[in-house]
1. Please verify whether segment 136-157 includes one or more residues that are charged (D, E, K, R), assigned to a helix (DSSP H, G or I), over 24 Å from N8 (Cβ atoms) and open to solvent by less than 40 Å² (accessible area, probe 1.4 Å).
2. Filter segment 55-81 for residues that are touching a Leu at 6+ places or on another chain (Cβ under 6 Å) and part of a helix (DSSP H, G or I); which is most open to solvent (accessible area, probe 1.4 Å)?
3. (1) under 14 Å from I31 (Cβ atoms); (2) open to solvent by less than 30 Å² (accessible area, probe 1.4 Å); (3) out of contact with any helix residue (DSSP H, G or I) (no Cβ under 7 Å at 6 or more places or on another chain): which one isn't true of A87, the others all being true?
Amino acid sequence: MSRVSKHNYYLDIAQTVAERCTCLRKKYGAIIVKDDVIVSTGYNGAPRGRQNCSDLNYCMRDKLNIPRGERYELCRSVHAEANAIIAASRERMLGSTIYMVCVDAKSGELVSGTSSCMMCKRMVINAGISQVIVRDTNEEFRVIDVNDWIDNDDSLSGIFGY
């Protein structure tokens, strides 16, 4: 009998969490795990009490043909990582791992090569999370050391000639 690896076990759970998403573009699921215990979960969707894109039947960023990674201020959603961080206590996040999965909302296919946006990277760093594990296929994933995000500060790219 073969068992699913621990990382894929948590990624499977994050993928199930993504099924709660209300975004019409991409469905993200995230779970924070520390000491082999799930600390919190999060998925992308509008703030509590506001209408979701799935309720409105349109995405403003799609309507305006805004490419991936741009103009997030026009998005109704709070990102999955942010929602997982909001739901957790700082003590439980220190040294933890966040597992992330992205699924295309239209095709239902896994989206490989995904990463946190700049704002979510900042929140992950400030939350004290140590690792980000991102699913690329049903069996393959990437392990990101959050210290790399600190050491290689991509928020300075292109500013003042750097």
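1. no
2. M60
3. Of everything listed in (1) under 14 Å from I31 (Cβ atoms); (2) open to solvent by less than 30 Å² (accessible area, probe 1.4 Å); (3) out of contact with any helix residue (DSSP H, G or I) (no Cβ under 7 Å at 6 or more places or on another chain), A87 misses just condition (2).
The values are calculated or read from the model by the stated rules, or taken from the named source; none is laboratory data. Just so it is clear, the structure is predicted and the values come from calculations on it, not from any experiment. With ideal geometry, Cβ positions are generated from the backbone for all residues, glycine too; neighbour counts draw on all protein chains shown. Calculation scope for accessible area: heavy atoms of the full protein, side chains included, ligands and nucleic acids excluded. Shrake-Rupley method; radii C 1.70, N 1.55, O 1.52, S 1.80 Å.
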